[in-house]
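The values are calculated or read from the model by the stated rules, or taken from the named source; none is laboratory data. Everything numeric here is computed off the predicted structure, so don't read it as measured data. We place every Cβ from the backbone using ideal geometry, glycine too, and count neighbours over all the protein chains shown. The accessibility values were calculated without ligands, DNA or RNA, using every heavy atom of the protein model including side chains. Shrake-Rupley method; radii C 1.70, N 1.55, O 1.52, S 1.80 Å.
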Amino acid sequence: MVEERIWTAALTIIGDEILSGRTQDKNVAQIAAWLNVQGIRLAEVRVVADKTEAIVEAVNILRARNDYLFTTGGIGPTHDDITVDAIAEALGVAVEHHPRAMAVLEAYYATRGGLTEARARMARVPVGADLIDNKVSGAPGIRIGNIFIMAGVPHITAGMLDALTGTLEGGRPVVSKTIGCWVAESEVADILRDAEKTHEGVAIGSYPFFRDGRTGANFVVRSSDEALVDRCLADLTRDLEATGRVVTAQGI
């Protein structure tokens, strides 16, 4: 039996505002969900400061051990938007103004005060890069090798992901289904472990919560094989119900 190829991606979130807590990141969830549909698994996420050495280190480590690397943040018009320069340094290439990016920005800002020197910074790319279309705010994202450099603003990121849909090689989409139970996860840890062990190829996530004075947990079963997910979910439901618990389909 040939083992199925698993495609992975990493995400580097760049920005002091994330690390300081001033801004809450919303891109991890939407990028992970988008990747699942593309048949690619988000394997790791790293948050780094607006420091060249931190970005260079993260980029070189994560691009080497994953099929794809996505970055968000630090590609705006101000002096502290250093992502492009840092990634160019990581790749050992220079930075240039991409002619198509310049044309896009000139058209976008024609009725918005014109293309200033600061705005032109958003056309800077590592030499050899291609563009990711941005229909939301004009300034394009950047693709170079297996690296995808995107905006940090979530709705702009979403537009860039839409432009990339169907363009990346991946495996089968990941299917996930959920059940819930009013139980402390520690009380059913053995059942969860056995279910995952006897259904090779699935991953089971346990997500506890405390609500209305009660302790419960939702259990998410994931795999690229939907039939395997269904079998695992059915067996897990049976085993939980055998202990006297009530299982809620689709989670609580």
Q.
Considering only C-alpha atoms, what is the centroid distance from region 1-47 to region 146-216, in Å?
A. 12
Q. Under Stokes-Einstein, with the Kirkwood radius over Cα pairs standing in for Rh, what whole-number D in µm²/s applies to region 146-228 at 37 °C and 0.692 mPa s?
A. 208
Q.
How far apart, in nanometres, would the label points at VAL37 and LEU19 be if each is projected 7 angstrom from Cα along the Cα-to-Cβ direction?
A. 3.3
Q: Quote to one decimal, in nm, the extra length available between ARG245 and VAL93 on full extension: 0.36 nm per residue of separation minus the C-alpha distance between them.
A: 48.8 nm
Q: Round to the nearest 10 and give me the degree value, 0 to 90, for the angle of helix 99-108's Cα axis relative to the longest principal axis of the chain.
A: 90
Q. Relative to the present Cα-Cα distance, how much length would full extension add between LYS51 and GLN30 at 0.36 nm per residue of separation?
A. 5.0 nm
**Q.** Spin-label model distance (nm) - ILE61 vs VAL127, 7 Å beyond Cα toward Cβ
**A.** 2.9
Q | the chain: most fluctuating residue of ALA123, ALA49, ALA139 per GNM, C-alpha cutoff 10 Å | A | ALA49
Q | Proximal charge balance of GLY244 [Cβ under 13 Å; K/R count +1, D/E count -1] | A | -1
Q. Hey, what's region 52-126 come to in accessible area per residue, 1.4 Å probe, Å²?
A. 48
Q | Listed peptides 144-156, 193-205, 63-75, 124-136 by packing density, highest first (mean Cβ within 10 Å) | A | 63-75, 144-156, 124-136, 193-205
Q) Does anyone have the angle between helix 52-65 and the longest principal axis of the chain? Alpha-carbon axes, 0 to 90°, nearest 10? A) 50
Q.
Counting other C-beta atoms within 10 Å, and keeping those with at most 10, which DSSP coil trypsin sites (Lys or Arg not before Pro) do you find in region 76-121?
A. ARG112
Q: Output the antiparallel fraction of DSSP beta bridges having both residues in the chain, as a percent to the nearest 5.
A: 60
Q) Of the heavy-atom accessible surface of region 90-242 (probe 1.4 angstrom), what whole percent is carbon and sulfur? A) 50
Q. So for region 45-143, taking the charge dipole from beta-carbon charges (+1 Lys/Arg, -1 Asp/Glu), which of ALA49, ILE142, ALA88 sits furthest toward the positive end?
A. ILE142
Q: Go through [x] 20.4; [y] 20.8; [z] 18.4 and flag the label whose value is the computed Kirkwood radius over Cα pairs in Å for this structure.
A: [x]
Q) Residue by residue, what Karplus-based ³J(HN,Hα) values in Hz, rounded to whole numbers, does region 207-224 have, using 6.51, -1.76 and 1.60 with θ = phi - 60° and x for Gly and Pro? A) 10, x, 8, 10, 8, 6, x, 10, 9, x, 7, 9, 10, 10, 9, 10, 5, 7
Q | Net charge, ALA120 excluded, C-beta distance under 14 Å - Lys, Arg +1, Asp, Glu -1 | A | +1
